[in-house]
1. Within the set K182/K214; K168/K412; K81/K429, which residue pairs have Cα atoms separated by over 31 Å?
2. Report, in listed order, any pair from K119/K286; K349/K372; K84/K126; K365/K387; K380/K512 with a Cα-Cα distance greater than 25 Å.
3. For the pair K71/D289, report the inter-label distance in nm, with labels modelled 7 Å from Cα in the Cβ direction.
4. Would you list, by chain and number, the aspartates and glutamates whose Cα falls below 15 Å from the Cα of K151, excluding same-chain residues fewer than 8 positions away?
5. Viscosity 1.306 mPa s, temperature 10 °C: give me the Stokes-Einstein translational D for the range 313-456 in µm²/s, with Rh taken as the Kirkwood radius over C-alpha pairs.
6. Report the FRET efficiency, 1/(1 + (r/R0)^6), for N147 and F407, where r is their Cβ-Cβ distance and R0 is 45 Å, rounded to 0.05.
7. Where the centre of each part is set by its Cα atoms, how far does the range 169-187 sit from the range 285-302, in angstrom?
8. When the Kirkwood hydrodynamic radius is evaluated over all pairs of different C-alpha atoms of the range 238-317, what value in angstrom, to one decimal, is obtained?
Amino acid sequence: MDNNNLRRIIIATVISFIFFVAYDYFVLQPQMVKKGEANGTQPQKVVTHKGSEKIQNSIGSRNSPATTSVKSRVVAVIEGKEFKIEVDQWGRVSSFILRQHKFNEKGKQLQLISPDSPKPWEIRLKDEKLNRELYQTPVEVSSSSLNLNGKSQTLTITHKLPSGGEIKKVVTIYPDGHYTLKVEARGVGEYLISPGLRPQGAVDNLTIHGVLVKLKSGKLRIIEDGDAEPERFSDAIVVAGFDRYYTSLFFSKGGFPVVIGSKNGNPVPFVELKGNGEFTGYIGPKYVDRLASIDRELIDVVQYGLGTFFARNLFLLLDWLYKVVHSWALAIILLVILVRLVLFPLTWKGMVSMYKLKELAPKLKEIQEKYKKDPTTLQKKMMELYKKHNANPLGGCLPLLLQIPIFYGIYKLLLYSIELKGAHFLWIKDLSEMDPYFILPILMGITMYLHQKLTPTNFQDPMQEKVFKFLPLLFTFLMATFPAGLVLYWTTNNLLSLLQQWIINKLMEHRKMEVQK
């Protein structure tokens with residue numbers, strides 16, 4: 001393969017990667033949101049899933065609190081350092097507000113609970129008559145106000161039906177937002193209880209959102225907004241409504257049956273019970289460490305879309321670096337350095353090969369002119385020349401190809417990791433958002449251009465040379481709207497490449513002068 005073909009490979013690789021990321025950013029994810037957008041004027045999604053009508057009817061949405069004429073009122077308030085919970089007269093979490101400033105939206109504290117039903121802890125009885133009784137009778141609570149003050153508190157919520165049935169929910173809430181929920185039921189038959197619809201805190205055109213079900217087997221089922229059909233799972237251990245950054249979930253190692261309904265194509269999660277039940281629950285940000293501290297099975301609630309396995313492990317490395325330096329920006333820079341160190345032998349060898357190819361350009365041109373009518377001999381002579389001078393025409397490709405999945409993984413973890421939301425770096429207030437002043441994208445474009453100037457090239461095709469020179473400008477415009485953390489990664493990578501190429505050029509020039517002496 002000649003140097004001209006090598007350039008074709010590099011250009012094709014870079015442009016293909018740009019297309020891949022841009023298509024994901026501007027086309028695929030917006031389509032997901034359009035499918036998931038729902039309002040009162042949209043028709044109910046028609047389903048063909050076997051038994052779907054039975055499942056949908058078992059949810060009994062017509063008997064939900066949303067259809068009653070009684071206005072919801074707050075009967076209990078639970079306050080912690082990070083959040084404030086309100087429980088309404090139906091025994092549901094009607095409000096969950098995050099108090100930390102980093103979660104604020106438009107200057108207001110973030111409300112995670114959707115105005116729609118079901119809400120967390122909401123119960124629906126399969127017996128329609130009993131269900132009507134349930135929502136005509138307000139609950140009794142053990143306390144109207146609880147303050148966590150750094151320790152757990154317990155709230156007992158009791159539904160007493162006029163016909164004699166009773167449901168008691170004993171909820172122990174912890175300062176980090178997780179809780180245990182024990183349900184004792186008698187005289188009500190089969191019923192459903194919900195972890196709530198997915199939070200409404202971070203639904204955008206970049207990320208997936210909906211419901212995740214994890215089975216005892218470890219298999220995951222992700223039902224995205226817009227794609228839901230009624231389903232039943234008999235052996236789930238996790239059911240979680242989730243958006244980009246937040247979740248509301250139930251978990252039990254013992255397992256439980258899950259019923260997923262569909263409302264305007266969006267998933268509606270419930271757990272199906274008869275008699276007593278017990279769960280661990282959580283409402284709040286999808287912090288990996290926090291979910292893991294509850295149980296490691298919950299780590300899967302943090303999904304990164306395509307390439308989740310790679311992005312998750314990359315995040316664990318980045319998180320470890322953060323815990324060392326206490327700065328996400330420095331952690332990203334250190335990650336670049338680690339990647340460069342791992343790839344150093346390949347990168348060094350590739351850069352040296354590129355320099356040698358430039359030096360061999362006159363001889364290559366002679367061979368091409370001499371054997372232009374004999375392609376077989378031409379390739380043979382070129383390979384002999386490469387071998388004689390220990391030059392590899394593919395040497396510059398491998399390091400670039402190996403960095404592409406890392407770059408894509410960084411892009412994904414910056415989109416989905418709540419840990420990086422609000423992370424500062426110099427003038428940048430949030431590494432998970434675009435640079436508002438476009439300074440980093442411009443620096444990235446400049447460093448890419450300077451690296452090109454230092455990199456030995458030998459283009460035979462003028463059009464390829466023009467395309468190659470246009471790449472810094474193309475990358476600058478593309479990266480202008482990408483997360484600043486991603487642009488920081490690529491800019492740092494460019495700076496290290498620039499330094500390494502400068503050193504190699506100096507060394508090779510020195511060797512050349514020594515040989516000439």
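1. K168/K412, as the Cα separations exceed 31 Å there.
2. Check vs 25 Å cut-off fails for K349/K372; K84/K126; K380/K512.
3. With each label placed 7 Å out from Cα toward Cβ, I get 4.4 nm.
4. E79, E82, D176
5. Estimated via Stokes-Einstein, D reaches 86 µm²/s.
6. My answer for the efficiency is 0.45.
7. The range 169-187 and the range 285-302 have Cα centres separated by 19 Å.
8. 13.9 Å
All of the numbers you see were taken from the coordinates with simple rules; none came from a lab. Nothing here was measured: the structure is a model prediction, and the numbers come from that model. With ideal geometry, Cβ positions are generated from the backbone for all residues, glycine too; neighbour counts draw on all protein chains shown.
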